[in-house]
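The values are calculated or read from the model by the stated rules, or taken from the named source; none is laboratory data. Bear in mind the structure is a predicted one, so any value in this text is a computation, not a measurement. When we count neighbours, we look across all protein chains shown, and the Cβ atoms used for this are built from the backbone with ideal geometry, even at glycine.
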């Protein structure tokens, strides 16, 4: 297994078979094999599977209904954006800076690299599953790139000048600290949201609150065991709040 086997390229709501095929070919070019698609336009996806040089990769692509499911096993989730005329709620990194951070994380576990639909990019809800976002330094007058081109440029930066380095090991007698997976962070987000709603801190109808909370939890960069402890705390609080509501009733 190489570090690139830890990379998951995630296409969200892709609509054009030529773009899907071009993205798959770029993955094949650079030796990236794990393609995941979220809610693709089914007709386009079927057509793209005949892409020259990448049909095998597309045949093994994993399909998901939501971004949360597609990134559940990943310890780092990075979104891509043109970042033009848009107020971002995430830390934004240039491609070269972001690629260095991704390469470090690939040594220890799965990383998801998200690309949005050709027309709209990634929505705020989809971006809320990301730890941070990355942009290709295109000129301001023409910032957006074709989906296949964007995938190719990002993957090239990840393999450019790549040196094989062994991941850091824990000292003898010390357990290795692992980052929390996206699934663990999402479970914590949902239980915390349940507590905040039950306490009256969050309006149950406020959809934006979930996105803000999800971004906040991911900025914590929790270890797996810390996320587990916090999850236990929040579940106990949620249970107590539920019990109190029943007593009041």
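Kindly evaluate residue 106 against the criterion of being more than 22 Å from residue 14 (Cβ to Cβ), touching a helix residue (DSSP H, G or I) at 6+ places or on another chain (Cβ under 6 Å) and either exposed (fewer than 14 other Cβ atoms within 10 Å of the Cβ) or in contact (Cβ under 8 Å) with a residue 24 or more places away in the chain (or both).
yes
Hey, can you tell me all the residues within the range 205-225 that are within 14 Å of residue 180 (Cβ to Cβ) and in contact (Cβ under 8 Å) with a residue 60 or more places away in the chain?
The answer is 214, 218, 219, 221.
Okay, residues lined up against (1) modelled with pLDDT under 90; (2) assigned to a strand (DSSP E or B):
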position	(1), (2)
1	yes, no
5	no, no
37	no, yes
45	yes, no
56	yes, no
77	no, yes
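Quick check, is residue 126 under 18 Å from residue 38 (Cα atoms), modelled with pLDDT of 90 or more, buried (at least 16 other Cβ atoms within 10 Å of the Cβ) and assigned by TED's automatic domain parsing to the domain that holds residue 241?
So residue 126 fails the test.
Among the residues of the range 152-187, which ones are modelled with pLDDT of 90 or more and more than 28 Å from residue 95 (Cα to Cα)?
187
Kindly list, by first and then second residue, each pair from a residue in the range 133-148 that is within 16 Å of residue 12 (Cβ to Cβ) to a residue that is assigned to a loop (DSSP other than H, G, I, E, B) and at pLDDT below 85, limited to pairs with Cβ atoms under 6 Å and residues at least 6 apart or on different chains.
Close Cβ pairs (under 6 Å, with a partner that is assigned to a loop (DSSP other than H, G, I, E, B) and at pLDDT below 85) amount to 133/90; 144/82; 147/118.
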